[in-house]
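Participant: To start, I am sharing the structure in question, which I have written as structure tokens.
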Amino acid sequence: MAISRSKILARLTAGDTTVKTLIRHPMETGNRKDPRTGLKVPRHFIQEVTCERNGKPVMTAVWSWAVSRNPYLAFQIKGGQRGDRVTVRWRDNKGAGETLETRVR
Amino acid sequence: MKRRLFLRGAMTCAAIAAAVPAGLLVPRRVLAAWPGQAFAQTSFEQSLAALLGDVQVSRSGAIRLTAPDLAENGATVEVRVAVDLDGVDSITIFSEKNPFPLIASFSLTPDVRSHVTTRIKMTGVSDVIAVVRTDGRYYSARRRVKVTAGACN
């Protein structure tokens, strides 16, 4: 599946905040061979994910390279209201990262 | 409104490191550093022990583990772990027959509902195993997934 950029969605569902994210990242295991060169593509994957609501951490995760490419993550924060700021940050094994942020609808 | 910022290197690490001292994130040993040794283990039992220590794990029907019976594409198998227990602070997902069975471990604060959904790579015919912690005790559930096209090579 090709996605051009990471996406995050947060909406109120039955009183809770449902968060869905799709993060653009190759999540290379280190075993895949580049079809053009025949060489293995180095391992390159998201290691840590932190989720926050209004700046307060609500969940964190540690991942291996076996989480799928362009990883999907869905979870639910208790309660919440429209306008809450939901943030998902990730950092990969190369030290790169991204912050996804949205307001709850 | 959506905003996305691209942070590189030290700034991103600082953002994540800033969340840790809040004392809300457990287990500490998982968050103090990315648990490389646990991720490097090649058997389910070894990766479980490396991540959680020498703990007793009981099967529990309170864990609703959702995964397809048959996965056409082993590169992306959707797995949902939901736990019908209070006080769940950890959900960990393994794929038993993967070269490296430990896939993902989530640390939950009391602010989140006890379920997560993600997509993982699986190979061959394997059990996906969820191990959760609540009240200091560990519970597990497993589900057989048959993959018709593997994703670990």
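The values are calculated or read from the model by the stated rules, or taken from the named source; none is laboratory data. Treat the numbers as computed from the prediction; the structure is a model and nothing was measured. A quick note on method: Cβ atoms are made from the backbone with ideal geometry, for glycine too, and the neighbour counts reach across all protein chains shown.
Participant: Taking strands (runs of 3 or more DSSP E) that fall entirely within segment B:52-123, which contain at least 3 residues that are modelled with pLDDT of 95 or more and within 10 Å of another protein chain (Cβ to nearest Cβ)?
Facilitator: B:77-83, B:88-95, B:102-108, B:112-120
Participant: Only one of B:100, B:94 is among the aromatic types (Phe, Trp, Tyr), over 30 Å from residue A:80 (Cα atoms) and surrounded by fewer than 23 Cβ atoms within 10 Å (Cβ to Cβ); which?
Facilitator: B:100
Participant: Next question, about the same structure. Determine, yes or no, whether residue A:63 is of a type in the set (Phe, Trp, Tyr) and touching a residue at least 60 places away in the same chain (Cβ under 8 Å).
Facilitator: No: the conditions fail for residue A:63.
Participant: Right, here's the next one. Do you know which of the residues in segment A:85-102 that are assigned to a strand (DSSP E or B) and free of Cβ contacts under 8 Å to residues at least 40 places away in the same chain is farthest from residue B:108 (Cα to Cα)?
Facilitator: Our first condition is that a residue be assigned to a strand (DSSP E or B); within segment A:85-102, this holds for A:85-92, A:96-102.
From what's left, free of Cβ contacts under 8 Å to residues at least 40 places away in the same chain: A:85, A:87, A:96-97, A:99.
Values: A:85: 18, A:87: 15, A:96: 24, A:97: 21, A:99: 19 Å.
Only one residue tops the list, namely A:96.
Participant: State whether one or more residues within segment B:8-29 are at pLDDT below 95 and in a strand (DSSP E or B).
Facilitator: Yes: one or more hits.
Participant: For segment B:30-51, which positions are over 18 Å from residue B:127 (Cβ atoms) and part of a loop (DSSP other than H, G, I, E, B)?
Facilitator: Residues satisfying the conditions are B:33, B:34, B:35.
Participant: Please state which one of A:70, A:54 is on the phi > 0 side of the Ramachandran plot, under 10 Å from the mean Cα position of the chain (by Cα) and polar (S, T, N, Q).
Facilitator: Criteria check complete, one pass: A:70.
Participant: Step by step: first the residues of segment A:70-105, then only those that are surrounded by 22 or more Cβ atoms within 10 Å (Cβ to Cβ) and of a type in the set (Lys, Arg), then the one that is nearest to residue A:60 (Cα to Cα). Which residue is that?
Facilitator: Step by step, filter segment A:70-105, then rank; the result is A:89.
Participant: On to the next question. Taking only pairs six or more apart or across chains, which ones have beta-carbon atoms under 7 Å, a first residue in segment A:37-49 that is farther than 30 Å from residue B:108 by Cα, and a second residue that is surrounded by fewer than 13 Cβ atoms within 10 Å (Cβ to Cβ)?
Facilitator: Matching pairs, first to second residue: A:39/A:33; A:40/A:30; A:40/A:33; A:41/A:34; A:42/A:30.
Participant: OK, next. Scan segment A:55-101 residue by residue and report those that are more than 7 Å from chain B (Cβ to nearest Cβ) and farther than 22 Å from residue B:120 by Cβ.
Facilitator: Of everything in segment A:55-101, those that are more than 7 Å from chain B (Cβ to nearest Cβ) and farther than 22 Å from residue B:120 by Cβ turn out to be A:55, A:56, A:79, A:80, A:81, A:82, A:83, A:84, A:85, A:86, A:87.
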